[in-house]
1. Along the charge dipole of the chain, Cβ charges K/R +1 and D/E -1, which of Thr22, Phe105, Ile52 sits furthest on the positive end?
2. Measure nothing but the geometry: give the 0 to 90° angle between the long axis through the Cα atoms of 67-147 and the longest principal axis through the Cα atoms of the chain, rounded to 10°.
3. As I understand it, the value is the acute angle between the Cα axis of helix 2-62 and the longest principal axis of the Cα atoms of the chain; what does it come to in degrees, rounded to 10?
4. Could you work out the local net charge near Leu89, counting Lys and Arg as +1, Asp and Glu as -1, over the other residues with Cβ closer than 14 Å to its Cβ?
5. Write down the Å³ per residue value for the convex hull defined by the alpha carbon atoms of the chain.
6. If each DSSP helix of 4+ residues adds -39,500 (n - 2.57) and the sum is divided by the residues in the chain, what number results at 222 nm, nearest 500 deg cm²/dmol?
7. Net charge around Asp37, counting only other residues with Cβ within less than 15 Å of its Cβ (Lys, Arg = +1; Asp, Glu = -1)?
8. Counting other C-beta atoms within 10 Å, and keeping those with at most 16, which DSSP coil GluC sites (Glu not before Pro) do you find in the range 1-98?
Amino acid sequence: MQLLELTATEFARKDEVKSRITQKRQMIQDLEQELRDLELSEQQWSRQLQTIREKLGRLERTEQERNVEWQQILSKLHEERAQIEKERLSIKQRVTQNELMILQFKSEEETLRRDHTEEMGKMGELFEFLYRQVEEYHHQLATMLTAQ
């Protein structure tokens, strides 16, 4: 009876580990999707940054001719550039954080898989032991019944 309770407990643990693995996988998928989204956003910001850098170069060549008017435009573009750089750095930091979290979740998933495999092996051994006990009991019962 105690073996049955132990087996039931082990099956419950197996279901819990399986559920945790599923949750971790979903979290990994969500983080990988966010990582892809952030990388795409970073690419867009990089292209915009490159475009602004090209505009700045053109404006700086003509700055002497239209100094007063262009100073206002340059100032605005520098502000935009600073904002884009700040956004780009923020995105890079989030990408790095997500990559670290993905590595951590993958490591945890591997640990859970290993523990799950180990637990399944133990449950198999318990099942075999219980099965042999039942067979022995049936054999003894049959022997007693035929002896009467």
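1. Positive-most Cα among the choices belongs to Ile52.
2. For helix 67-147, the angle is close to 0 degrees.
3. Helix 2-62 and the main axis of the chain meet at about 10 degrees.
4. On the way: positive: Arg81, Lys86, Arg88, Lys92, Arg94; negative: Glu42, Glu85, Glu87.
The answer is +2.
5. Working: hull volume 13.7 nm³, N = 148.
Measuring per residue, one finds 92 Å³ for the Cα hull of the chain.
6. -36500 deg cm²/dmol
7. -3
8. Working: sites: Glu5, Glu10, Glu16, Glu32, Glu34, Glu39, Glu42, Glu54, Glu60, Glu63, Glu65, Glu69, Glu79, Glu80, Glu85, Glu87; in loops: Glu63, Glu65.
Here the sparse-neighbourhood loop sites are Glu63, Glu65.
Any read-out appearing in this document is the output of simple, stated calculations on the displayed coordinates, not a laboratory observation. No experiment lies behind these values; they were computed from the predicted model shown. Here Cβ is always computed from backbone atoms with ideal geometry, including for glycine, and neighbour counts include all displayed protein chains.
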